[in-house]
Amino acid sequence: MNSRTLVHGFTAALTAALTLAGAQAYAAPSSGDQLLAARVVTYDAGASAEFKAAVDRGAAIWNESVDTVELRPAAAGQRANIRILADNGWPRALTTSLGNGTVYIGREAVNEGYDTVRISAHELGHILGLPDRKPGPCTSLMSGSSAGVSCTNPYPDAAEKTAVEGNFGAAPARPAPAARNVVVVD
């Protein structure tokens, strides 16, 4: 067994132990790899009324789709990057800066038959820096209403994912703490 195998095995075991204990673990980068951390963007869906579950699902879809940003519900008393409100108008997003703004989940589109999860994911896409892509196919999340009422696809396509990854870039995360009391044998 070489020293690299031993160190990587120890790192994997330590990561698993910390994960099970509820702590956050960082793996040591290997030969030239850079450790990346997602930028956390918080949202407050407290005023999203009957659309809260759709908003949470839309955020989860983005979290499943990209690595450079993570959408999380704001903690109680925490000021969120994104406010999400329900109203009787058409859905829209008012962006103040990348990752910040207000999303309106408008009942007008819902009443016309548009899918609430698609609406949520689409409007969050604007906050993540994506423009509308109209007209567009149902496979494009940012095609929005131009894909028609029958389109329920809430997932960004490859180009949309790549654009968000680029918008948020990747910042190096903290390096792993130095291992102590580790014997490395060649």
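No value in this document is a laboratory result; all are computed from the given coordinates. Because the structure is a prediction, the values reported are computed rather than measured. Using ideal geometry, Cβ is built from the backbone for each residue, glycine included, and neighbour counts are taken over all protein chains shown.
Near Thr42, the amide H atoms lying under 5 Å from its own belong to Arg72, Asn81, Ile82; only residues 5 or more places off or on other chains count, and H is placed 1.01 Å from N.
Taking the average, over residues, of other Cβ atoms within 10 Å as the packing measure, peptides 75-81, 109-115, 154-160 rank 154-160, 109-115, 75-81 from highest down. For the stretch 63-177, the normalised intensity computed at q = 0.10, 0.16, 0.20, 0.21 Å⁻¹ comes to -0.31, -0.76, -1.12, -1.21 (log10 of I(q)/I(0), Debye sum over alpha carbons, equal scatterers, no solvent).
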